[in-house]
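Take a look at the structure below.
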Amino acid sequence: MHFTGRTWRPPYEADSCIIELTSGCTWNKCNFCSLYKQEAFGLTTLEKFEVDLQEIKSLQPNARRLFLTGANPFALSYETLKPYVLTVRDYLIKCQHIAMFASIRDIKNKDVWQLKKLRAMGVNGLSIGVESGDDTTLALAGKGYTSYDILEQCRKLEEANIEYYFVYMTGLAGKNNGYRNAINSARLFSQLNPYFISIDALTLFSDTKLYTMAQEGIFIPAGEHERLKELQVFIQNLKIRMHLFANSNSNFYPIAAYLPKEREYVISEIEQIMETFTEEEMLSYRDGLKSLG
């Protein structure tokens, strides 16, 4: 298999076959992220892609789900992405889902008819790190789009029947801003239909712009209890039926729930965590995180 640079996939894609389509990130300007800072964006040649597909076929001929690596392979234009997606079926005849990371920016360069064509070719399961639905927080994070863009572009995915997943990040709005971020994000997400929402908690690493801003006093991080209160408010105000997962390494305590059925249970569970563990205990856990892998 040909892999270059950082190879990263979401926890929920652990059972998918992994293949590289791109490397690096087309944006590389998110203030909290340094995953791809040292990598230029690049596209795997179709020849290498086919060699890797042949290897997957030899090991997993009945593979039903394929995850394309790279920070945002969906940034590729429809015409560039099309031959790669079509080639998958030449090798993996039973593959039903071709999933990948995507940004809201990446959807803008595709018309609905193109999205429908990609869906028919098997593209389904876009992991979108929106991080927030609050405009002030999105600007602070350097995401390069607004809440309206999220609404507009995800509705295109829904029209094309492409399944997508959101990542929401607690603590990203900074101290005393978690409530606003949670309310505005829940209000926006409730107008859409993400298949599930995965929760991360902001962890500042020294090679990020947000870390530098914190050192300079420009950004004041939210405390651990405030992050959990933010998560409670977010869950309380989500008005859609979906799965929610807060079980990545960045979360002090793993939580999963199906909303709205388990809403009150998970809110109570978070309350119990805050009553059981001190701010210092939770902060010690976060300070011990060297990476989110």
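The values are calculated or read from the model by the stated rules, or taken from the named source; none is laboratory data. It should be emphasised that the depicted structure is a prediction, and the values quoted were computed from it without experimental measurement. Here the Cβ positions follow ideal geometry from the backbone for every residue, glycine too, while neighbour counts run over all protein chains shown.
Search the range 205-227 for residues being among the aromatic types (Phe, Trp, Tyr) and modelled with pLDDT of 95 or more, and hand back the single one that is nearest to residue 34 (Cα to Cα).
211
Residues that are farther than 28 Å from residue 173 by Cα, of a type in the set (Val, Ile, Thr) and either at pLDDT below 90 or in contact with a helix residue (DSSP H, G or I) (Cβ under 6 Å, 6 or more places away or on another chain) (or both) do occur in the range 17-29, at least one of them.
Among the residues of the range 70-106, those identified as modelled with pLDDT under 95 and closer than 19 Å to residue 1 by Cβ are 70, 71.
Scanning the range 83-94 for residues that are part of a loop (DSSP other than H, G, I, E, B) and crowded, with 20+ Cβ neighbours inside 10 Å gives a single hit, 92. When 168, 253 are checked against the criterion of being aromatic (Phe, Trp, Tyr) and modelled with pLDDT under 95, a single residue qualifies: 253. Can you work out which of the residues in the range 57-82 that are part of a helix (DSSP H, G or I) and surrounded by fewer than 20 Cβ atoms within 10 Å (Cβ to Cβ) is farthest from the chain's Cα centre (by Cα)? So the residue we want is 58.
Quick grid of which residues meet (1) over 18 Å from the mean Cα position of the chain (by Cα); (2) among the polar types (S, T, N, Q):
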| residue | (1), (2) |
| --- | --- |
| 109 | yes, yes |
| 131 | no, no |
| 144 | no, no |
| 153 | no, yes |
| 181 | no, yes |
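Pairing each residue of the range 221-248 that is of a type in the set (Lys, Arg) with any residue that is in a loop (DSSP other than H, G, I, E, B) and buried (at least 19 other Cβ atoms within 10 Å of the Cβ), provided the two are 6+ apart or on different chains, yields C-beta distances under 7 Å for 227/171.
For the range 1-25, the set of residues classified as crowded, with 17+ Cβ neighbours inside 10 Å and without any contact (Cβ under 8 Å) to a residue 12 or more places away in the chain is empty. With respect to (1) farther than 30 Å from residue 219 by Cα; (2) among the small types (Gly, Ala, Ser); (3) under 16 Å from the mean Cα position of the chain (by Cα), the lone exception for residue 23 is condition (3).
Residue 39 fulfils the conditions (1) modelled with pLDDT of 95 or more; (2) within 28 Å of residue 199 (Cα to Cα) except for a single criterion, (1). Scan the range 27-51 and report the pairs whose first residue is of a type in the set (Asp, Glu) and whose second residue is assigned to a loop (DSSP other than H, G, I, E, B), with Cβ atoms within less than 6 Å and a gap of 6+ or a chain change. Close Cβ pairs (under 6 Å, with a partner that is assigned to a loop (DSSP other than H, G, I, E, B)) amount to 39/5; 39/24.
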